[in-house]
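A quick write-up on the structure given underneath.
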Amino acid sequence: MAKPGIPKGTRDFSPVEMARRNYIFNTIREVYALYGFRQIETPALENLSTLMGKYGEEGDRLLFKVLNSGNFMAGLRAEDWNEEKLGHLATLLCEKGLRYDLTVPFARYVVQHREEIQLPFKRYQIQPVWRADRPQKGRYREFYQCDADVVGSDSLLNEVELMQIIDEVFKRLQIRVCIKINNRKVLSGIAEVLGAADKLVEITVAMDKLDKIGWDSVKDELMAAGLDEQAVEKLQPIIELKGENSEKLAVLRDWLSTSPTGLLGVDELAFVFERLEKAGLQNCCELDQSLARGLNYYTGCIFEVKALDVEIGSITGGGRYDNLTGIFGLPGLSGVGISFGADRIYDVLNQLDLYPAAIEQSVRLLFINFGEAEADYCLQLARQTRAAGISTEVFPDSVKMKKQMSYANARNVPYVALVGADEMRDGTVSLKDMVNGEQKTLSIEEVIRLISENA
């Protein structure tokens, strides 16, 4: 019989792996809470009408669509199966889809619950998302996002605060990163100056691939999209612009002097960078004028975070989306947010071996089982240790002590309690430190105190 498996692009996680993942989630959750964000959740399934058209053509192709329940072919005509109308066929067969990200469902949530929320509304959300992408290293079909968004405020202080959150999270995780920042208004201004305002999407999609495919391939894509060679040559020095953030801003301000939209983007970037310089961030913040972020709903500042010590894609991203809720009937509500890619952060921490040793110690104390009477006695002691906040197990089977000690070692249990007839008579516990091998005879109160002090 064939061994069962799981779909490509998905993963199982063992107890050790889950402990590590929860370390990431809890770190992010704690920092979000420090900045006043509150948690919500939305369904894994959304109506396709909510999702379609929000991520561009490529995003629409990567949506997992769910067949309608029951006889999903009812009412279909022969011509509906025409290969040239696959998109049309999908709308007939599928009314729902798995969420592609957490931002569009959040926009839907805000519109649906507008009367219940107080603006500005600061929410965070830690849930899985799905993309029908080609699986490869660092890219999965099912993965977690850890989002924070603010809606109902136009202030650029929100952008500054989100960069502080990014810095604090990676400081706690001990990952060295570079926070890359750009502005979609700057990109719109670039398209205007090139005389190709109608090709903004094509330009940004190509620019967003610069790190992956290099300038020559980006140039080919731009020309294939309809830009002439003169426009592409004019763009190249801007894309490859080097120097300090202030120097880049000065060059962009001059280059975009004929584009009011582009100049507004430069002003917004200058505001953010000036405040970040005073914020004392541990990680670098860099203006990256080639950063485009492929999602069409961004309208202002955009962000992307790269790990400095591991070759992997973006591990955090985000930006401002002034008109997203307008798609759902609530215009004029500005939003800005970030999303931590928990699965990629997990891979980075694994490669750099940055996890604290204690996170794998799910049990702090194990009582050895010497028999029925001893086990009953240990259950009473375990009640006391658990009441004191010490995670405790009583080994369920009265098997050889070597097997029980091997179990403790495999589980990284730091303390083992041995309670036999003598200990039961004297009201004591023989406590063994599994790290240094030292063994002491203590009262249960002393056991609790010692383990609590060494937590």
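Yes/no per residue for (1) over 27 Å from the mean Cα position of the chain (by Cα); (2) open to solvent by 40 Å² or more (accessible area, probe 1.4 Å); (3) touching a residue at least 12 places away in the same chain (Cβ under 8 Å):
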{"site": "Asn245", "(1), (2), (3)": "no, no, yes"}
{"site": "Lys248", "(1), (2), (3)": "yes, no, yes"}
{"site": "Trp255", "(1), (2), (3)": "yes, yes, yes"}
{"site": "Thr258", "(1), (2), (3)": "yes, yes, yes"}
{"site": "Gly265", "(1), (2), (3)": "no, no, yes"}
{"site": "Ser290", "(1), (2), (3)": "no, no, yes"}
{"site": "Tyr297", "(1), (2), (3)": "no, no, yes"}
{"site": "Gly300", "(1), (2), (3)": "no, no, yes"}
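Just need a number here: residues in the stretch 250-287 that are part of a helix (DSSP H, G or I) and in contact with an Asp or Glu (Cβ under 6 Å, 6 or more places away or on another chain).
Within the stretch 250-287, the subset part of a helix (DSSP H, G or I) is 250-255, 260-278.
Narrowing the set further to residues that are in contact with an Asp or Glu (Cβ under 6 Å, 6 or more places away or on another chain) leaves 272.
Number of matching residues: 1.
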Practice prompt. Considering each of Glu202, Glu168, Glu192 in turn, give the residue that is under 18 Å from Glu277 (Cα atoms), in contact (Cβ under 8 Å) with a residue 24 or more places away in the chain and in the same structural domain as Ala307 (by the TED database).
Written response: Glu168
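Looking only at the stretch 307-326, which residues are assigned to a loop (DSSP other than H, G, I, E, B) and of a type outside the set (Val, Ile, Thr)? Talk me through it step by step, then tell me what you get.
Residues of the stretch 307-326 that are assigned to a loop (DSSP other than H, G, I, E, B), as a first pass: 308-315, 321-324.
Selection gives Leu308, Asp309, Glu311, Gly313, Ser314, Tyr321, Asp322, Asn323, Leu324.
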Discussion item. Quick test of your reading of the structure: Arg275 fulfils all but one of (1) among the basic types (Lys, Arg); (2) without any contact (Cβ under 8 Å) to a residue 60 or more places away in the chain; (3) open to solvent by 50 Å² or more (accessible area, probe 1.4 Å). Name the failing condition by number.
Written reply: (2)
Discussion item. So Pro7 ticks every box in (1) at pLDDT 90 or above; (2) open to solvent by less than 60 Å² (accessible area, probe 1.4 Å); (3) farther than 30 Å from Gln118 by Cα but one. Which box is left unticked?
Written reply: (2)
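Answer yes or no as to whether Asn182 is among the polar types (S, T, N, Q) and in a helix (DSSP H, G or I). Show your work before the answer.
Details: among the polar types (S, T, N, Q): yes; in a helix (DSSP H, G or I): no.
Spelling it out, it is not the case that Asn182 is among the polar types (S, T, N, Q) and in a helix (DSSP H, G or I).
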Discussion item. Any residue in the stretch 45-64 that is buried (at least 19 other Cβ atoms within 10 Å of the Cβ) sitting within a Cβ distance under 7 Å of a residue that is at pLDDT below 90 and among the aromatic types (Phe, Trp, Tyr)? List the pairs, counting only those 6 or more apart or interchain.
Written reply: Lys54/Tyr297
Worksheet entry | Leading residue by the ranking (nearest to Lys96 (Cα to Cα)) among those in the stretch 35-44 that are touching a strand residue (DSSP E or B) at 6+ places or on another chain (Cβ under 8 Å) and loosely packed, with under 14 Cβ neighbours inside 10 Å | Glu41
Item to complete: Could you please tell me which pairs satisfy a Cβ distance under 7 Å, a separation of 6+ or placement on different chains, a first residue in the stretch 226-238 that is assigned by the TED database to the domain that holds Leu194 and in contact (Cβ under 8 Å) with a residue 24 or more places away in the chain, and a second residue that is assigned to a helix (DSSP H, G or I) and open to solvent by 10 Å² or more (accessible area, probe 1.4 Å)?
Response: Gly226/Lys199; Leu227/Lys199; Ile238/Trp255
Worksheet, complete the sentence: Turns out the strands (runs of 3 or more DSSP E) fully within the stretch 338-454 with at least 1 residues that are touching a residue at least 24 places away in the same chain (Cβ under 8 Å) and small (Gly, Ala, Ser) are 415-418
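So which of Ile359, Ile390 ends up being at pLDDT below 95, among the hydrophobic types (A, V, I, L, M, F, W, C) and surrounded by 13 or more Cβ atoms within 10 Å (Cβ to Cβ)? Working first, answer last.
Values: Ile390 fails: at pLDDT below 95.
So the residue among Ile359, Ile390 that is at pLDDT below 95, among the hydrophobic types (A, V, I, L, M, F, W, C) and surrounded by 13 or more Cβ atoms within 10 Å (Cβ to Cβ) is Ile359.
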Worksheet item: Which of the residues that make up the stretch 305-331 are buried (at least 23 other Cβ atoms within 10 Å of the Cβ) and of a type in the set (D, E, K, R)?
Response: Arg320
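The values are calculated or read from the model by the stated rules, or taken from the named source; none is laboratory data. Source: prediction; values computed, not measured. Backbone-built Cβ (ideal geometry, glycine too); neighbour counts: all protein chains shown. Quick note on the areas: whole protein, heavy atoms, side chains included, nothing else; ligands and nucleic acids left out. Shrake-Rupley method; radii C 1.70, N 1.55, O 1.52, S 1.80 Å.
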